[in-house]
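Visitor: This is the structure I want to talk about, given as structure tokens.
The values are calculated or read from the model by the stated rules, or taken from the named source; none is laboratory data. Since this is a predicted model, take the numbers as computed values, not measurements. Backbone-built Cβ (ideal geometry, glycine too); neighbour counts: all protein chains shown.
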Amino acid sequence: MSHEDIESMMREKRTFEPPKEHRDKAYITSMEEYEKLYKRSMDDPDGFWGERSEELIHWFKKWDTVADYDLHKPEVKWFSGGRTNIAYNCLDRHVQNGRRNKAAIIWQGEPEEDVRVYTYQMLHTEVCRFANVLKSMGVKKGDRVSLYLPMIPELAIAMLACTRIGAIHSIVFAGFSAVSLQNRIQDCEAKVLVTSDAVLRAGRTIPLKPNADEAMSKSPSIQKCVVVRRAGNEVTMQDGRDVWWHEVMEDESISGECDCEEMEAEDTAFILYTSGSTGKPKGVVHTTGGYLTYVAHTTQWVFDLHDEDVYWCTADIGWITGHSYIVYGPLALGGTSLMFEGVPSYPSPARYWKVVEKFKVNIFYTAPTVVRALMREGVEWTRKHDLSSLRVLGSVGEPINPEAWMWYFKYVGNEKLPICDTWWQTETGGILISALPYATPLKPGSATMPMPGVEAAIVRADGSDASPNEGGHLVIKQPWPGILRGVFGDPARYKSTYFERFPGMYESGDGARVDDEGYFWIMGRLDDVINVSGHRMGTAEIESALVAHEAVAEAAVVGMPHQVKGETIYAYVTLKGDVEESEELRKELRAWVRTEIGPIATPEVLQFAEGLPKTRSGKIMRRVLRKIAASKYDDFGDTSTLADPGVITELIEGKRSLL
Ligand code: 6R9
């Protein structure tokens, strides 16, 4: 299909009806059913969620109340009085209920021949062993454990071992730098760090332990470090602190049985750091009963996951998508989750499709940036492999542009598979807005409608409801079980970021509109957060990394539209008076950000600027900087409050000379 075909399709405003094939087996089979469930969930939320949780989760002790909240305070509790355990729900009950020999995790390593399959029984044993290792290191309920690992099974094992004993994991994406790791360890005062010798990526071995060493050297809370051998490269082990995973796991004294901690529903399950518009990353806190219920609920209804399916989510577990939809959601349901270590383009752009064919994947969940990157490589790669096992497709991380949607639909979905564009956030724990594959008619580019139980709405700046098609702030008007319960160690920030601007509602920070038929169209962040390849980066974080360099006086960072990544990072940098601009310095500053935060934060463009467009009150007018970054020089809007309007011309000239 050519570009023009896609364009004309868009003009037709076609909708795509849900498939009939497989529909009789589906959990939700029609819009009428969806509407009935939605209405029920709004009329009787306690009844709805109580039933869902009882159906999906094993409780050691049933709760006393379903929901108990006041978003003004804010205070949110779900399933108070109930006791359960996440690892028990993901493992033990399946071992007891006939899934003992079923594959829980199929792991495909980056080298084609590296495949490991863990049955529920095997995973249970490994998790118990590692839980006992953690216990032997003095880790107790409520203690924090940082996990800094590539996409290897040990990461999932370590997560489940933590939740089994009530320890709180904080996973740090292995692409983050030593400094980022250190900040995250220090913020939550982790006792133990689990890491590996290296990351295997696109045929290269990237050492990881040196980053861990650097971070630990400034993190006095760390008592022990467990190191997984992945690549076999040389590492230094510190006596008394560092131990090898394979050695401690093989220790005779470590048992393969370990009782579960009976957790209160509101006990913290994990922390995950995410970027915000100001300051350092915040530790988003998720708790036990509500989170578990919510991820199981959404995995079942959005992906229509059945026992015999092979389900593959391509995210990295370092992000929330991997937490909820590689590990906890699918395993809570007793599903088979495929975990993949590699990248889409190595050794060829057919890699994903090769994996789909090899394991006969039924449900495939990826990000628009992946779709766009593969689209650029050409359709022939999708044709090299048999994709006929696929049944449901998913998308997450950023809005999927209609062109990418159509490509995904046509060449991966063979024009018949439903695409569930799932809108959600680290803070929401699970999917809030998405199509249900066998019920919702699809519109390319729309995340369609809120899940049952989710009261999503668009409000104006004053909090009043927006009219259909009017853009505004995307808010949720009542809590759902997976909502974050705090920002670790910072209750004030929890309140001010999410609950202050629109009292009584959860503020997502995204802009959106709802069309005449109730479809949600997400427009992106309204705050200073950039979405690079589906990953959130706070501009403030990158700016503070830049100004930490001795040559830099001031920096302003904005997002710039990018064909594959959605957005990339554009940095304007004002040097200190005595520093000369040079290509070397430009390179050095880009490399600096890379080591300060991580490769994903590296500015794509770095422009030296004599001055930045500031208002008389000293605020940087980012809107102007965004326009210049996007090479849109026509309409800067109202610039009358600028202290020096001449700056704009200078910046445009500077940008032109860059190209
Ligand atoms: C799950 C995840 C959250 C931000 C969110 C929004 C953007 C995610 C989206 C989407 C449009 C979708 N986002 N999914 N925008 N359509 N289907 O990505 O969490 O890393 O916290 O990012 O990502 O802007 O606010 P997180």
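Visitor: From 205, 195, grab the single residue that is surrounded by fewer than 19 Cβ atoms within 10 Å (Cβ to Cβ), touching a residue at least 24 places away in the same chain (Cβ under 8 Å) and part of a strand (DSSP E or B). Spell out how you get there, then give the answer.
Guide: On the way: 195 fails: surrounded by fewer than 19 Cβ atoms within 10 Å (Cβ to Cβ).
Residue meeting the stated conditions: 205.
Visitor: For the stretch 532-578, please list each of the strands (runs of 3 or more DSSP E) lying entirely inside it that holds at least 2 residues being modelled with pLDDT under 90 and more than 16 Å from the ligand (Cβ to nearest atom). Let's see the steps before the verdict.
Guide: Values: elements: 535-538, 552-562, 566-575.
Once the strands (runs of 3 or more DSSP E) in the stretch 532-578 are filtered for at least 2 residues that are modelled with pLDDT under 90 and more than 16 Å from the ligand (Cβ to nearest atom), what remains is 552-562.
Visitor: Being under 30 Å from residue 517 (Cβ atoms) and either surrounded by 14 or more Cβ atoms within 10 Å (Cβ to Cβ) or not small (Gly, Ala, Ser) (or both) narrows it down to one residue among 99, 93, 23, 83; which is it? Give the derivation first.
Guide: On the way: 99 fails: under 30 Å from residue 517 (Cβ atoms); 93 fails: under 30 Å from residue 517 (Cβ atoms); 83 fails: under 30 Å from residue 517 (Cβ atoms).
The unique qualifying residue is 23.
Visitor: Additional query: Which ones in the stretch 579-609 are under 24 Å from residue 525 (Cβ atoms), outside any strand (DSSP E or B) and either touching a Cys at 6+ places or on another chain (Cβ under 7 Å) or of a type outside the set (D, E, K, R) (or both)?
Guide: Our first condition is that a residue be under 24 Å from residue 525 (Cβ atoms); within the stretch 579-609, this holds for 590, 593-594, 596-607, 609.
Among the residues that remain, those that are also outside any strand (DSSP E or B) are: 590, 593-594, 596-604, 609.
Those that are under 24 Å from residue 525 (Cβ atoms), outside any strand (DSSP E or B) and either touching a Cys at 6+ places or on another chain (Cβ under 7 Å) or of a type outside the set (D, E, K, R) (or both): 593, 597, 598, 599, 600, 601, 602, 603, 609.
Visitor: Could you figure out which of (1) out of contact with any helix residue (DSSP H, G or I) (no Cβ under 9 Å at 6 or more places or on another chain); (2) surrounded by fewer than 18 Cβ atoms within 10 Å (Cβ to Cβ); (3) in contact (Cβ under 8 Å) with a residue 24 or more places away in the chain; (4) within 30 Å of residue 510 (Cβ to Cβ) isn't true of residue 567?
Guide: (2)
Visitor: Which ones in the stretch 646-659 are surrounded by fewer than 13 Cβ atoms within 10 Å (Cβ to Cβ) and free of Cβ contacts under 8 Å to residues at least 40 places away in the same chain?
Guide: Of the residues in the stretch 646-659, the ones surrounded by fewer than 13 Cβ atoms within 10 Å (Cβ to Cβ) are 646, 649, 653, 656-659.
Within the stretch 646-659, 646, 649, 653, 656, 657, 659 qualify.
Visitor: Would you say residue 340 is more than 23 Å from residue 144 (Cβ to Cβ), among the aromatic types (Phe, Trp, Tyr) and touching a Ser or Thr at 6+ places or on another chain (Cβ under 8 Å)?
Guide: Numbers: more than 23 Å from residue 144 (Cβ to Cβ): yes; among the aromatic types (Phe, Trp, Tyr): yes; touching a Ser or Thr at 6+ places or on another chain (Cβ under 8 Å): yes.
Yes, satisfied.
Visitor: Then there is this: Which one of these is within 15 Å of the ligand (Cβ to nearest atom), assigned to a loop (DSSP other than H, G, I, E, B) and closer than 27 Å to residue 456 by Cβ: 527, 510? Spell out how you get there, then give the answer.
Guide: On the way: 510 fails: assigned to a loop (DSSP other than H, G, I, E, B).
None of the others qualify; the one that does is 527.
Visitor: Would you check if there is a residue in the stretch 464-480 being in contact (Cβ under 8 Å) with a residue 60 or more places away in the chain and surrounded by 21 or more Cβ atoms within 10 Å (Cβ to Cβ)? Steps first, answer last, please.
Guide: Let us first name the residues in the stretch 464-480 that are in contact (Cβ under 8 Å) with a residue 60 or more places away in the chain, namely 478-480.
Still in the list and also surrounded by 21 or more Cβ atoms within 10 Å (Cβ to Cβ): 479-480.
Yes, the stretch 464-480 has at least one match.
Visitor: Name the pairs whose Cβ atoms lie under 6 Å apart, with the first residue in the stretch 526-550 and under 20 Å from residue 566 (Cα atoms) and hydroxyl-bearing (Ser, Thr, Tyr), the second within 16 Å of the ligand (Cβ to nearest atom) and part of a helix (DSSP H, G or I), and 6 or more positions between them or separate chains?
Guide: Cβ pairs passing all conditions: 533/369.
Visitor: Considering only the stretch 377-395, I want to know if a residue exists there that is modelled with pLDDT of 95 or more and within 24 Å of residue 537 (Cα to Cα).
Guide: Yes, that holds for at least one residue.
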